[in-house]
Amino acid sequence: MASYQDGENNFSDDDLDDLPPNTLAELENNAIQFTQIAAGATQPPRKPAPSSDYGDDFDDEDLDDAVVVDESRSVPTALPNNIRGATVPSIQRSQYVPQGSHYRSNAGLINRQQPGASLFNPPQRTAPAQSQREAPVQWSQSTKQDRPASGAVSLLRQIEELQQRNKALEQNLTAKTGEVAIVRSKQEKEAREHERELNAVRKLNEEKLAKQKKELEAARIAANNAATERDFFKQDLAELERARKLNKTVERKDATTTPRKRKALPHRDGFDDNEIEIISPSKLSPSKPKSRNGTPTKPGKRKRKATDSPASVLDVHVEEIPEVTEQKLPVLDETILAKLGIQDDRFDFLGIILDHRPSKGHLRTIEALAQYSLPSSKDESLASVILGKIPTLGLKKPTDLPVQFCELLISLWAKCFEENYLKPLYLFIDVVSLALELRTLTIAPHIIDSLIPLLQTTVDKVVIPRFYRKPVGDYEEVIDVGVYLSVLHLTALGCMSEQEHIIRFWRLVRLDFILLCLSQNQPLEHFYLMLKILSTSVMRDSFGNIDPSRQTLDVRYIIDRLTYPLFQVPYQPTVDVRLEPHVLLSLRLACLHLLTSMTRSPFATAALAEHQTTLGRLVCLMSDTLDILYDHQAGHELSGQILTLATRLLYHLVTKHPQINIQQKLTEVPGGPQKYLLVLARLNFSEDDLVLERAIGDDIQGLALEMLESAVTPEEGDKIFEAFLSG
């Protein structure tokens, strides 16, 4: 190898060929390490820039002026001093330089450097470049460290504001949705109410028009009938007048002239009358010509003389027939006919009574009574007493015969009860029931003073021991409580025609008798009969028995008995077994019918609203019935009817009496306020076109919504609305 002083570059390729294969790589590595050590000695240590999960962080500003070099196609150019002086691990973090620099760092390029790559770093340019770029690099580094912190804080603040705004918008949207739903429901309710009112007015007008047409047609028919009857009356009067005149004429003629002999009738002998001639002197006179009606003779024949006849002339005897005169018929008076009609009606009533049998195959009642006699008068049977009194009945006023006959039976019934002779009582009550069925309005108002007290006293023999769960004894065989209560109900119906009669009836009924019959220890049929009897007591100023001194207290006791089955399951009579579900629902439905009929009376409605537990028991009934309906339990067919009646009754009590404290009334039953809101919400959101809800009335949903709106605040209503929508 020659020296450098010769001025010629005489390099031999052989020397390079003799070098080991890895010599060049070692030289390059040493050079890289040298430059890194030098740069680390001259430059202060710098913190690496923050990195993200996706690698090194680059700003858009840094990438705008970056120089991308493809090492696979070209030789890398000279890099800035800050790159050349950095160590290999620090190259992974990008360093930022001012935009005015002619060189830009390319961290991605350095990261792709291989150990054998060539880096040209002239030593004479290292120091100036380092001095020129040290300050800008430090400014850029501090700026980049402060910017992410302030930006993150502002971004978090904006995110929080946006979240708060989003939450406020969601709340506003929910409130608006609830308001729209409420407005829509109110609009639908008003539309349905308007349609119902229109239908009611239309139906009322149609009924009035039909009624007027019927009245007009009845008036026309009555006018025609009156005209026809008038014509008949005129004709009858004319005939009567003509007959009267004729009778007078005949009587006058009979008084002035003798009866004339009537013309003899023709002979009924088979011959013509002209063939028989009676011989008289006038006909034998020669001055009169002979009759030519005889048998013609032949000319020249000798005629036989009449005197030559061997037979004598026949004597004809003509008997006179007496004249038949028309007899005058008597004219009947209308008053006589009316009396005869009344007599026939009275006898028909007695005939039906005397021919009555208590049952098929049983003796007639009058025959059966012949087998019984009072212990005080054993010689005379009960039938003989009745038959002996019948002729004296209805003498003063025939229309009083049915009433007097019933009074006779009641008096015998009372005597038997006083003497504790109860066997014939079933015959008396059976005949009285038959008489009331035949003449309800005529008999009932006139016999209640004697019938009602005796009937209650008789029934007490059975219902009082049952109330205390004691054995009844032989009274149950001879006293059928159901028959006696049926007679009491029929009597009450007969007294409803007049206000004074029904008031007098309920003044005779005792409170304890009503409460005894409404006890759960009585049979269900007796309970139902007492419900029917109580339905006749709904009047404007009273309900149940009438006792002005304690009317309000008595009604409270009756309402308490009526509402007991609404929230409790009663036991069956005489056994400790609960009622079956379908039987219980039927009983509750019957009680609701009576409670609903009580709303016709202002007094009864106020008593229901002011009762301590009525509202709470109604709410419990509705809650239990909804569970039965949706659980599809036994008797769910009646659940829809019960819900409809109970909701309407509750709505009537709440709206007609706003002065009552509903929440206080509901607290009388366990969970009353919560059940109230839950039941109304479930009814409001129920679907009326589904299978289970088809029996619920169309107006129930609107009524429940109105009661729910008056019971909760708008915020609570929105929460309930959201709960049912999310569920």
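The values are calculated or read from the model by the stated rules, or taken from the named source; none is laboratory data. Worth saying up front: this structure is predicted, and the values here are computed from it rather than measured. Glycine gets a Cβ as well: all are built from the backbone with ideal geometry, and neighbour counts include every protein chain shown. Heavy atoms of the whole protein, side chains included, go into the accessibility calculation; ligands, DNA and RNA do not. Shrake-Rupley method; radii C 1.70, N 1.55, O 1.52, S 1.80 Å.
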Between Thr457 and Gln674, take the C-beta separation as r, use R0 = 35 Å, and let me know the FRET efficiency to the nearest 0.05. 0.10
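Can you give the net charge of the other residues whose Cβ lies under 14 Å from the Cβ of Ala168, counting K and R as +1 and D and E as -1?
On the way: positive: Arg165, Lys167, Lys176; negative: Glu160, Glu161, Glu170.
Counting the neighbours of Ala168, the net charge comes to 0.
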Quick check: at a probe of 1.4 Å, how many percent of the accessible area of region 357-477 sits on carbon and sulfur atoms? 52 percent
Calculated FRET efficiency, Gln164 and Glu28, Cβ-Cβ r, R0 60 Å, to nearest 0.05? 0.45
Please calculate how many Å² of accessible area region 588-727 carries per residue, with a 1.4 Å probe and no DNA, RNA or ligand atoms counted. 45 Å²
Under a 1.4 Å probe, counting only protein heavy atoms, Lys234 has an accessible area in Å², nearest 10, of 120 Å²
Taking only protein heavy atoms and a 1.4 Å probe, the highest-to-lowest accessible-area order of Lys378, Lys245 is Lys378, Lys245
Rounded, prolate or oblate, given the Cα gyration tensor of region 476-559, with a/c below 1.5 counting as rounded? oblate
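Tell me, what % of the accessible area of region 588-722 is carbon and sulfur with a 1.4 angstrom probe?
Numbers: 3190 of 5910 Å².
The computed percentage sits at 54.
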Got a number for the accessible area of Phe428? Probe 1.4 Å, square angstrom, nearest 10. 0 Å²
For region 532-549, list residues with backbone N below 17 Å from a point placed 7 Å from the Cα of Lys656 toward its Cβ? 535-544
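For Val478, what is the net charge nearby, where nearby means another residue's Cβ is under 11 Å from its Cβ and Lys, Arg count +1, Asp, Glu -1?
Working: positive: Lys423, Lys461; negative: Asp474, Glu476, Glu477, Asp480.
Computed value for this residue: -2.
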Take the cross-link list Lys167/Lys719; Lys360/Lys532; Lys189/Lys719; Lys211/Lys532 and give me the ones stretching past 20 Å between alpha-carbons. Lys360/Lys532; Lys189/Lys719; Lys211/Lys532
Would you work out what percent of the accessible area of region 493-552, with all protein chains in place, is carbon or sulfur (probe 1.4 Å)? 52 percent
Averaged per residue, what accessible area in Å² does region 356-425 show with a 1.4 Å probe, protein chains only? 55 Å²
